[in-house]
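Visitor: If you scroll down you'll find the structure; I have some questions about it.
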Amino acid sequence: MKPLMIEKLLHVLKSKQGNQIFNYTVPDLWNCFDYDPTKFIKTNTNELLVDPFDFYQSVIKDYILPNKKANVDYQTSLSISNNKVLPKRNYRGGDWIKESVVYSTMIRTSAAWDSDRSGVLEENNIYHMTETGSFVKMLSLLPLLQKMGVDTVYMLPISKFSLKDKKGELGSPYGVSNFNEIDPSLKDPLIGEDMTVDEEFSAFVEACHILNMRVMIDIIPRTNSVENDLIKDYPEWFYWIKADEYTQYKVPFIDGIPNTTSPTVELMEKVYQHENTTRHINMFQYNPKEQNPTLWNKIRNKKNLSKEIEKHFNLRIAPAFSDHINDLQPPWTDVTFFRMYNDFPQETVEFLDTTNRAPYILFDTIKSNLYHGKEPNRKLWEKLADIVPSYQRRFGIDGARIDMGHALPKKLLDMIISKARENDVDFCFIAEELQPKNAEFAYEAGYNMIIGNGFTMEPRYFEGKLQKFFYESTKLPLPVFACGETHDTPRLAARDGYEQLAKTLTVLNMFMPNGVPFINSGQEVFERQPMNTGLDCGPNEAFNLNEDDPYFGKLALFDRYQFHYTNDRRWELPDILDTLKTIRQKWIKQLFQKDAFVPLTTGDQVNTFIGLAYYKKTKTNSKNVLLILANANPYHELYIRPNIHQLREQSKNTQLSGQLLFSTHEGPRVFTQFTDYNNLDIHLGAGEVKIVEL
């Protein structure tokens, strides 16, 4: 086995300690590993004044490495290093995700901190260091994640991205310019040139594996940056328009078709007949290599290739846009689509004369799961199918989410999934599928779970959608994320119900049937500002902070941003989740057994009441029962009498007493709230969750 990068990182930190004294702070929330109190000063702003070299050393030396076992290869996935043998029945490789608690992190933001206390998050502070997040800083959050029961770290894109036509101050990590390179902004300046950013990422993955945590990445095979490194060698993989017409580039609007409509073949005939489509398609040109091979070879190795192409060929990469007809979103200026086929879609080719026609972006050419050419771009497909294996070979990752995987050609999606599982049969894939009705497709495609629509259902608790989301989840053929927010949606703490709603749903999601708890970075400290305003957002969603807040109006996905780690309620959710993880682990098998779950109902069907019951056999063949009783209404208490007759019948449990294990409103006690044999008599405070074991 190769030497561990986490041990090399520890050595580098030691070698640099004492060379310079820093006025360096971290949030006290980052100290969940009992850092020596004689080595820091607690400030009145809930920060710790530390020697950064010693602080990051300590989390490695005192918290991570003591868990290291002999003769274990932590540079491979956990399943490979543990020699995991897959169950023969009812298990697909990667199904370990079912028993996971997932934490979604954007390293640049999750581990960002204004360490010199200037009041602004800087890219070049008084010590000439960046204050945005890095893999090294993220190590200090691992104890906090473990406290919350997290065992899977899912990272938004970490690949090198382009700053051309960037969004916001820092650009979007989804504008990938090189799939196989880690973005240099994630390197920690404290380490200097003693380690590469790849080595620092390796150290982070090793640390997670030593702590028995898995690591998942986000890959984006459908779109890429308008300034991609692949342009130099493969300009034919991209779509081109005249540079001097760039400002006129817009999505063709088609009269008579409703907004955001799926592009069926029947509708595409009408699309192709429209004058807006003709104008749009006529903007596209052949790639520069095809136009003038000699000139192309002269400029292709120049430093600023985009400018050279514009200067000599009057060409620019065409921006991407939504594949739905009349989606009101403007073009996505920082990204473009790959050409998945070398020819035109056969399903719509009759609607347009393609003689001497340059490749173009339209709703059908980019919806390549529905529209197919005769000539797949094989070389591109092989490149895309090797993204995940590349990270497996170099870093030993455990899983990946495929961005817009459902819109890829089925054969390409099969290649991506199968090639990863050739390296690791227990590799996990998450589908970016938001519609539960498409879960069957995701299952058949080889995915282990879907993202789902919890972020739209859970906050609409007054309408009964939270109840519907929970009670119908067992009908799905594979798990869904149990979550009320993601990096693309409003924050729970900013929804109607605010912090109380965020608390209620975060607790409830730990026990959703057929659900995988998903904690969006910042959720644990009641962050109100969304990271992006992409889904289910209102018009003023980006302005949830006070106007005097330095991050007012900023979005973490594109701007310099740090979470409010020092707020007064910062320990509340981590402490609650610390308590819940033991209960969840005890009942984890039943959460995914359809025949072990009974939804509790009431005669008056109160929309805001959630009643979940799970049962299991004990060694004496009697059956224990776990009850999750919740009032999602964050404003008013609830008196309710859920019927437990079906639960009695199925579990054979005859007990009329139990133990209140947990409540968001009171301490543990004996539970005796039975009206009679078949009904409970329950009082739930505003937003209260009770967990009872019979």
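Visitor: Hey, can you tell me all the residues within the range 178-196 that are touching a Leu at 6+ places or on another chain (Cβ under 9 Å), crowded, with 22+ Cβ neighbours inside 10 Å and outside any loop (DSSP other than H, G, I, E, B)?
Guide: PHE179 - this is the single residue of the range 178-196 that is touching a Leu at 6+ places or on another chain (Cβ under 9 Å), crowded, with 22+ Cβ neighbours inside 10 Å and outside any loop (DSSP other than H, G, I, E, B).
To keep it simple, each residue is scored yes or no on (1) among the β-branched types (Val, Ile, Thr); (2) surrounded by fewer than 24 Cβ atoms within 10 Å (Cβ to Cβ).
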position: VAL425; (1), (2): yes, yes
position: LEU434; (1), (2): no, yes
position: ALA439; (1), (2): no, yes
position: ALA445; (1), (2): no, yes
position: LYS465; (1), (2): no, yes
position: GLY497; (1), (2): no, yes
position: THR506; (1), (2): yes, no
position: VAL516; (1), (2): yes, no
position: ILE519; (1), (2): yes, no
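Visitor: Just give me the residues in the range 70-112 being free of Cβ contacts under 8 Å to residues at least 12 places away in the same chain and either of a type in the set (D, E, K, R) or not assigned by TED's automatic domain parsing to the domain that holds PHE511 (or both), in sequence order.
Guide: Selection gives LYS88, ARG89.
Visitor: Follow-up question, since we're still on this one. Just to be sure, is ALA420 of a type in the set (A, V, I, L, M), touching a residue at least 12 places away in the same chain (Cβ under 8 Å), touching a helix residue (DSSP H, G or I) at 6+ places or on another chain (Cβ under 8 Å) and not assigned by TED's automatic domain parsing to the domain that holds VAL689?
Guide: Yes.
Visitor: If you don't mind, there's one more thing I want to ask. Return yes when ASN567 is outside any strand (DSSP E or B), of a type outside the set (D, E, K, R) and either without any contact (Cβ under 8 Å) to a residue 24 or more places away in the chain or outside the structural domain of GLY522 (by TED's automatic domain parsing) (or both) and no when it is not.
Guide: no
Visitor: I've got another one for you. THR45 passes all but one of (1) over 30 Å from ILE583 (Cβ atoms); (2) at pLDDT below 95; (3) of a type in the set (Ser, Thr, Tyr); which number fails?
Guide: (2)
Visitor: Please list, ordered by first then second residue, the pairs with beta carbon atoms under 6 Å, 6 or more apart or interchain, first in the range 596-611 and crowded, with 20+ Cβ neighbours inside 10 Å, second assigned to a loop (DSSP other than H, G, I, E, B) and of a type in the set (S, T, N, Q).
Guide: THR608/ASN633
Visitor: Ok, one more. Among the residues in the range 536-546, are any closer than 23 Å to ASP218 by Cβ and touching a helix residue (DSSP H, G or I) at 6+ places or on another chain (Cβ under 8 Å)?
Guide: Checked the range 536-546: at least one residue is closer than 23 Å to ASP218 by Cβ and touching a helix residue (DSSP H, G or I) at 6+ places or on another chain (Cβ under 8 Å).
Visitor: Among the residues of the range 589-634, how many are part of a loop (DSSP other than H, G, I, E, B) and among the hydroxyl-bearing types (Ser, Thr, Tyr)?
Guide: Number of matching residues: 5.
Visitor: Applying the selection to the range 251-309, what residues are touching a helix residue (DSSP H, G or I) at 6+ places or on another chain (Cβ under 8 Å) and of a type in the set (Lys, Arg)?
Guide: LYS289, ARG300, LYS302
Visitor: Would you confirm whether or not the range 177-195 contains a residue that is of a type in the set (Phe, Trp, Tyr), assigned by TED's automatic domain parsing to the domain that holds ASN287 and closer than 23 Å to LEU305 by Cα?
Guide: Scanning the range 177-195 turns up no residue that is of a type in the set (Phe, Trp, Tyr), assigned by TED's automatic domain parsing to the domain that holds ASN287 and closer than 23 Å to LEU305 by Cα.
Visitor: Separate question: Can you tell me which residues in the range 635-691 are under 34 Å from the mean Cα position of the chain (by Cα), part of a loop (DSSP other than H, G, I, E, B) and of a type in the set (S, T, N, Q)?
Guide: Passing the criteria: only THR664.
Visitor: Any chance you could count how many residues in the range 1-19 are among the charged types (D, E, K, R) and not in a helix (DSSP H, G or I)?
Guide: Number satisfying all stated conditions: 1.
Visitor: Six or more apart or on different chains, Cβ atoms under 7 Å: show the pairs whose first residue is in the range 262-286 and not assigned by TED's automatic domain parsing to the domain that holds VAL251 and whose second is surrounded by 14 or more Cβ atoms within 10 Å (Cβ to Cβ) and among the small types (Gly, Ala, Ser).
Guide: none
Visitor: List the helices (runs of 4 or more DSSP H) inside the range 386-449, counting only whole elements, that have at least 2 residues being more than 19 Å from THR76 (Cβ to Cβ).
Guide: 410-423, 439-445
Visitor: Which is over 28 Å from GLU572 (Cα atoms), assigned by TED's automatic domain parsing to the domain that holds PHE395, of a type in the set (Phe, Trp, Tyr) and in a loop (DSSP other than H, G, I, E, B), of PHE53, PHE22?
Guide: One residue alone meets the criteria, PHE22.
Visitor: Out of curiosity, is ASP165 at pLDDT 95 or above and closer than 30 Å to LEU380 by Cα?
Guide: Values: at pLDDT 95 or above: no; closer than 30 Å to LEU380 by Cα: yes.
So ASP165 fails the test.
Visitor: Right, next: Which of the residues spanning the range 302-357 are assigned to a loop (DSSP other than H, G, I, E, B), over 32 Å from the mean Cα position of the chain (by Cα) and among the aliphatic types (A, V, I, L, M)?
Guide: Matches in the range 302-357: LEU352 only.
Visitor: Among what's in the range 423-450 and is charged (D, E, K, R) and under 15 Å from ILE397 (Cβ atoms), pick the residue that is nearest to the chain's Cα centre (by Cα).
Guide: The residue in question is ASP426.
Visitor: Could you list, in sequence order, all residues of the range 68-113 that are touching a Cys at 6+ places or on another chain (Cβ under 7 Å) and of a type in the set (Ser, Thr, Tyr)?
Guide: Our first condition is that a residue be touching a Cys at 6+ places or on another chain (Cβ under 7 Å); within the range 68-113, this holds for 94, 96-97.
Hits for the range 68-113: nothing passes.
Visitor: Now for a different question. If the requirement is being more than 27 Å from the chain's Cα centre (by Cα) and of a type in the set (A, V, I, L, M, F, W, C), which of these qualifies: MET1, MET5?
Guide: MET1
Visitor: Could you pull out the residue among ALA542, ALA493, ALA502 that is closer than 20 Å to GLY168 by Cβ, part of a helix (DSSP H, G or I) and either outside the structural domain of VAL625 (by TED's automatic domain parsing) or within 18 Å of the chain's Cα centre (by Cα) (or both)?
Guide: Result of the check over ALA542, ALA493, ALA502: ALA542.
Visitor: Every residue in the range 100-156 that is under 21 Å from LYS42 (Cα atoms) and acidic (Asp, Glu), please.
Guide: ASP114, ASP116, GLU131
Visitor: Shifting gears a bit: Select from the range 463-487 the residues that are under 29 Å from PRO157 (Cα atoms) and without any contact (Cβ under 8 Å) to a residue 60 or more places away in the chain and list them in ascending order.
Guide: Passing the criteria: PHE469, SER473, LEU476, PRO477, LEU478, VAL480, ALA482, CYS483, GLY484, GLU485.
Visitor: Now, a different point. Look through GLU245, GLU269, GLU199, GLU206 and report the one residue that is crowded, with 21+ Cβ neighbours inside 10 Å and either in a loop (DSSP other than H, G, I, E, B) or not hydrophobic (A, V, I, L, M, F, W, C) (or both).
Guide: GLU206
The values are calculated or read from the model by the stated rules, or taken from the named source; none is laboratory data. Keep in mind the model is a prediction, meaning the values are calculated, not measured. Cβ: placed from backbone, ideal geometry, glycine included. Neighbour counts: every protein chain shown.
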